[in-house]
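Participant: Have a look at this one.
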Amino acid sequence: SDYYCVWEGQASKIPDDEEDLYLWMGEPTACAVNGIRLIEERNPGAKMAVIGCGFMGLLLVQLGVKRGFEVIARDINPERLALAEKYGARTDAPEMESQDVVIECSGCEEGLTSAEYFVRNGGILCLFAHHLPTRVCNTNLWHMKGLDVLNATPAASRDWTRDFQEAVQYIRDGVFDLKPLVTHFFDANDPQKAFDTITKNRPKDYIKGVFVFDPELLGMTRKAA
């Protein structure tokens, strides 16, 4: 607040008794709310697969289950799949062309290929992860299957403030369980160390890192938390 001011309608007050301030991440949770809302507007059916269980994928799993979808989660990391099961998803391999919705959240070409084949004819292929401009995809398959290709980015939001406020309420209500997903903490005064850790020496158990101002939090991991 010393450096940046916003309209109060675009902010939300954190509860006075909250100790884990680092859990209140409005932008990524609002992205998950926006993505699920855009899918629900198309009334596709209840079967949903989430390809890629990183931080965003696991948020989508949590909210998808909360909103009544039958969620199957896919990832190459067994620890991520265990978290997805904890949040109510199945982790068995879906049959080809069996899913009403497939959310591509891995950002890799292999994940996109899986998504293309898991989604049913006339279903929704939701591109949630960012993909490189050079990505190869089977647009002929998309055409022949009559897929509804949905780009679930903030730019597609009908009302971003509404999505943000709803996301904050989901954090308050415990729908978004963020504590197991925040695995690393970085000194806000040393951003370069954070960038080096993420890009050069990323730990195997890394899901999401946050900048903190409390020295006591530095060095914590999910196991310690």
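Participant: Keeping to segment 85-111, report how many residues are surrounded by 15 or more Cβ atoms within 10 Å (Cβ to Cβ) and in a helix (DSSP H, G or I).
Facilitator: Number of matching residues: 1.
Participant: Among the residues of segment 155-168, are any assigned to a strand (DSSP E or B) and free of Cβ contacts under 8 Å to residues at least 40 places away in the same chain? Spell out how you get there, then give the answer.
Facilitator: Step one: of segment 155-168, the residues assigned to a strand (DSSP E or B) are none.
Taking every residue of segment 155-168 in turn, none turns out to be assigned to a strand (DSSP E or B) and free of Cβ contacts under 8 Å to residues at least 40 places away in the same chain.
Participant: Here's something else I'd like to know. Could you please tell me which pairs satisfy a Cβ distance under 6 Å, a separation of 6+ or placement on different chains, a first residue in segment 74-87 that is within 12 Å of Gly54 (Cα to Cα), and a second residue that is part of a helix (DSSP H, G or I) and open to solvent by 50 Å² or more (accessible area, probe 1.4 Å)?
Facilitator: Listed by first residue and then by second, the contacts come to nothing, as the list is empty.
Participant: Another question about this same structure. If you take the residues of segment 155-181 that are within 25 Å of Arg80 (Cα to Cα) and charged (D, E, K, R), which of them is surrounded by the most Cβ atoms within 10 Å (Cβ to Cβ)?
Facilitator: Only one residue tops the list, namely Asp177.
Participant: Gly209 passes all but one of (1) out of contact with any Gly (no Cβ under 9 Å at 6 or more places or on another chain); (2) open to solvent by less than 80 Å² (accessible area, probe 1.4 Å); (3) more than 29 Å from Thr113 (Cα to Cα); which number fails?
Facilitator: For Gly209, the failing item is (3).
Participant: Mind checking which residues of segment 123-143 are in contact (Cβ under 8 Å) with a residue 60 or more places away in the chain and within 20 Å of the chain's Cα centre (by Cα)?
Facilitator: Step one: list which residues in segment 123-143 are in contact (Cβ under 8 Å) with a residue 60 or more places away in the chain, which gives 123-124, 126, 128-129.
Ile124, Cys126, Phe128, Ala129 - these are the residues of segment 123-143 that are in contact (Cβ under 8 Å) with a residue 60 or more places away in the chain and within 20 Å of the chain's Cα centre (by Cα).
Participant: Look through Phe185, Phe195 and report the one residue that is open to solvent by 30 Å² or more (accessible area, probe 1.4 Å) and under 21 Å from the mean Cα position of the chain (by Cα).
Facilitator: On the way: Phe185 fails: open to solvent by 30 Å² or more (accessible area, probe 1.4 Å).
Exactly one residue qualifies, and that residue is Phe195.
Participant: Follow-up. Kindly evaluate Ser114 against the criterion of being open to solvent by 20 Å² or more (accessible area, probe 1.4 Å), of a type in the set (Gly, Ala, Ser) and part of a helix (DSSP H, G or I).
Facilitator: On the way: open to solvent by 20 Å² or more (accessible area, probe 1.4 Å): yes; of a type in the set (Gly, Ala, Ser): yes; part of a helix (DSSP H, G or I): yes.
Here the answer is yes, as Ser114 does meet what is asked.
Participant: Looking only at segment 88-128, count how many residues are more than 15 Å from Val50 (Cβ to Cβ), out of contact with any helix residue (DSSP H, G or I) (no Cβ under 9 Å at 6 or more places or on another chain) and not charged (D, E, K, R).
Facilitator: 1
Participant: Could I ask something else about it? Among the candidates Ala129, Ala82, single out the residue that is under 20 Å from Leu38 (Cα atoms), open to solvent by 10 Å² or more (accessible area, probe 1.4 Å) and not charged (D, E, K, R). Don't jump to the end; show me each part of the working.
Facilitator: Numbers: Ala82 fails: under 20 Å from Leu38 (Cα atoms).
None of the others qualify; the one that does is Ala129.
Participant: Still on this structure: Suppose we filter Lys47, Lys66 for residues that are basic (Lys, Arg), closer than 19 Å to Asp177 by Cα, open to solvent by 50 Å² or more (accessible area, probe 1.4 Å) and touching a residue at least 40 places away in the same chain (Cβ under 8 Å); which single one remains? Give the steps one after another, and end with the answer.
Facilitator: On the way: Lys47 fails: closer than 19 Å to Asp177 by Cα.
It is Lys66.
Participant: I'd like the residue in segment 13-28 that is among the aliphatic types (A, V, I, L, M) and open to solvent by 40 Å² or more (accessible area, probe 1.4 Å) and, out of all such residues, is nearest to the chain's Cα centre (by Cα). Walk me through it before giving the result.
Facilitator: Of the residues in segment 13-28, the ones among the aliphatic types (A, V, I, L, M) are 14, 21, 23, 25.
Next, from what is left, pick out any that are open to solvent by 40 Å² or more (accessible area, probe 1.4 Å): 14, 21.
Values: Ile14: 21, Leu21: 20 Å.
Going through the qualifying residues, I end up with Leu21.
The values are calculated or read from the model by the stated rules, or taken from the named source; none is laboratory data. Not measured: the values here are computed from a predicted model. For neighbour counting, all protein chains shown are included, and Cβ atoms are generated from backbone atoms with ideal geometry for every residue, glycine included. The accessibility values were calculated without ligands, DNA or RNA, using every heavy atom of the protein model including side chains. Shrake-Rupley method; radii C 1.70, N 1.55, O 1.52, S 1.80 Å.
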